[in-house]
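The values are calculated or read from the model by the stated rules, or taken from the named source; none is laboratory data. A quick note: this is a predicted structure, and the numbers were derived from the prediction, not measured. Note that each Cβ is placed from the backbone with ideal geometry, even for glycine, and that neighbours are counted across all protein chains shown.
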Amino acid sequence: MRQKAHGGNLAWAAALAGCSPSAILDFSASISPLGPPNSAIAAITSQLGNLKHYPDPDYSELRQALGHFHQLPPEWILPGNGSAELLTLSGKEFSRLAATTLITPAFGDYYRSLAAYDVKVLECPKSIVNSDLSMIIDKGQKTLDKGLLLNNPHNPTGKLFSVEEILPYLEQFALVVVDEAFMDFLPPDEEQSLIPLIQEYANLVILRSLTKFYSLPGLRLGYAIANPERLSKWQLWRDPWPVNTLAAAAAIAALDDKEFQSATWEWLPPTRNQLFQGLAKLPGLQPKESAANFLLVESQQSVCQLQEQLLKEYQIYIRDCLSFKELGDRYFRVAVRSKSDNQRLLTALKALLKDKG
C-alpha cells in the first residue's frame, strides 16, 4: 500500500518498517528540528485552563501579534487552520475566474484546493534547473480573467524567486496567490517576500505557515495576508473558531521569540550545505540547490525501492515524489535535520547505494 501524497505519514512508515512511529527518523516532512520553541510550549501550558472557553472568534490578540510582526494593520491578516484551510478559500476565489495558472511540479494540495471548486488549471511546467518565471506567460499579455498560484520558495525544488520576477504578474492576473510557507527560513535581509507590497495590490494574497519554521504541524496554524475586504469575505465562507486556543497562544509566543528565530537562521545554511555536499558525493544522486529547509534529489535508481529499503533496514523515512507527476520515481525530497541526523541518512544511503553498485 502506497502512502498518501503528503510527507510526514509516520503511521504508514512505521507499518512498513515494522517499528513504532517514534522510532522513525523522519526526513519526509520539512519541519525544523530545532523546535518547538520552549516559549511556545510554555504558552500552551499556560492556556490549558482556558480550554473550557471558546476562542476569541476574531482572534484579536493573535492578529495584533501577527500585525506587529509584519508591520501591518491587524485587519490585513486572517489566521487559519493551517495553510490548507486558506488554500481551500483561495480555491473558491479562483473558481470565479476563467482559469488559474499553476507552475508545475506543484504541491499536491494546490490541486486539491482547486479541484474542490472545479477550477480550470493551466499547468506551466517549470524546469528543475531554470528559475526564470518568464516562461509562465508573455509579460505583455493581459490575463485579467485568470489567476496565478505559485509558491516561493518553490516546493519541491527549493528555488527562490525574486520580488522583481513576480511583480509583473501582479499587473496581469486578476488574482495572485503566493504561498510563502518556507519564506521565514530566510533571514529578513535575504527574504523575497511580497508582504511589503501587500497594501499596494488588492489582487494579491500571501499565505504563510507557522508550522514548519516553529515545528508545530500538529497545531495546524497558518494565516493569509490580503486586502481586508477580501479577508472579511473569506471569514463568512468558513466555519467559526478555525484556530484553537493552544495554537493561538503558541503562535503569539513564537512570533516574539527572537532568540529562536536567530538560532534557526544561523543553523540552516551550514547544515543544509553539509547535507547537500554529502548527497552530492554519493553515486547516482544529484541534489538541487535550495533556499528552503529541504533538498530535492535526483536519483538514477528507483526511489520507491530506496525509500522502502531505508525504512526496513534503517527506520529512515524520505519523501518520494510520486505526487509530483513531472518527477515520478526518480526524485526524492529530504528535510534538513540536525547534523547527526543528516549523517545517519548519508551513512545509510552510502551503504545501500554501494550494494547497488
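Does ASP118 satisfy being part of a loop (DSSP other than H, G, I, E, B), of a type in the set (Asp, Glu) and touching a residue at least 12 places away in the same chain (Cβ under 8 Å)? Break it down stepwise before answering.
Numbers: part of a loop (DSSP other than H, G, I, E, B): yes; of a type in the set (Asp, Glu): yes; touching a residue at least 12 places away in the same chain (Cβ under 8 Å): yes.
Criteria met by ASP118.
Number of residues in the stretch 291-311 that are among the charged types (D, E, K, R), outside any strand (DSSP E or B) and more than 13 Å from LEU349 (Cα to Cα) equals 0.
In the set GLY67, GLY49, only one residue is over 17 Å from ALA254 (Cα atoms) and of a type in the set (Gly, Ala, Ser); that residue is GLY49.
Among the basic types (Lys, Arg), more than 30 Å from LEU197 (Cβ to Cβ) and modelled with pLDDT of 95 or more - does that describe any residue in the stretch 293-314? Looking for residues that are among the basic types (Lys, Arg), more than 30 Å from LEU197 (Cβ to Cβ) and modelled with pLDDT of 95 or more, one finds at least one in the stretch 293-314, hence yes.
If the condition is being surrounded by 24 or more Cβ atoms within 10 Å (Cβ to Cβ) and more than 21 Å from the chain's Cα centre (by Cα), then the stretch 317-344 contributes no residue at all. I want to confirm something. Restricting to the stretch 254-288 and keeping residues that are in contact with a Ser or Thr (Cβ under 9 Å, 6 or more places away or on another chain) and part of a loop (DSSP other than H, G, I, E, B), which single residue is farthest from GLU180 (Cα to Cα)? Among them, the one singled out is GLY284. Selection within the stretch 53-74: residues that are hydroxyl-bearing (Ser, Thr, Tyr) and in a loop (DSSP other than H, G, I, E, B). The member of this set that is farthest from ILE198 (Cα to Cα) is TYR54. Inside the stretch 42-75, residues that are more than 22 Å from the chain's Cα centre (by Cα), surrounded by fewer than 17 Cβ atoms within 10 Å (Cβ to Cβ) and either closer than 25 Å to TRP265 by Cβ or not assigned by TED's automatic domain parsing to the domain that holds THR245 (or both) make up a count of 4. Summed over the stretch 23-41, residues that are aliphatic (A, V, I, L, M), closer than 21 Å to THR264 by Cβ and surrounded by fewer than 20 Cβ atoms within 10 Å (Cβ to Cβ) total 4. Evaluation of ASP257 against the conditions (1) in contact with a strand residue (DSSP E or B) (Cβ under 8 Å, 6 or more places away or on another chain); (2) within 30 Å of ASN342 (Cβ to Cβ); (3) not polar (S, T, N, Q) shows that the sole unmet condition is (1).
Taking the stretch 161-214, which residues are among the small types (Gly, Ala, Ser) and in a loop (DSSP other than H, G, I, E, B)? Walk me through it before giving the result.
So the first thing to find is which residues in the stretch 161-214 are among the small types (Gly, Ala, Ser), and the list is 162, 174, 181, 193, 202, 209.
Correct list: SER162, ALA181, SER193, ALA202.
Among the residues in the stretch 226-242, are any closer than 30 Å to ASN342 by Cα, of a type outside the set (S, T, N, Q) and buried (at least 20 other Cβ atoms within 10 Å of the Cβ)? First the steps, then the outcome.
Here is the first cut: in the stretch 226-242, the ones closer than 30 Å to ASN342 by Cα are none.
No, there is no match, as no residue in the stretch 226-242 is closer than 30 Å to ASN342 by Cα, of a type outside the set (S, T, N, Q) and buried (at least 20 other Cβ atoms within 10 Å of the Cβ).
Residues that are basic (Lys, Arg), over 17 Å from the mean Cα position of the chain (by Cα) and over 28 Å from GLU190 (Cβ atoms): does the stretch 296-315 have at least one?
Step one: list which residues in the stretch 296-315 are basic (Lys, Arg), which gives 312.
Within this subset, residues satisfying the condition of being over 17 Å from the mean Cα position of the chain (by Cα) are 312.
Now narrow it down to the ones that are over 28 Å from GLU190 (Cβ atoms): 312.
Yes: one or more hits.
Of the candidates GLY18, GLY82, GLY108, the single residue that is surrounded by fewer than 21 Cβ atoms within 10 Å (Cβ to Cβ), on the phi > 0 side of the Ramachandran plot, in contact (Cβ under 8 Å) with a residue 24 or more places away in the chain and not charged (D, E, K, R) is GLY18.
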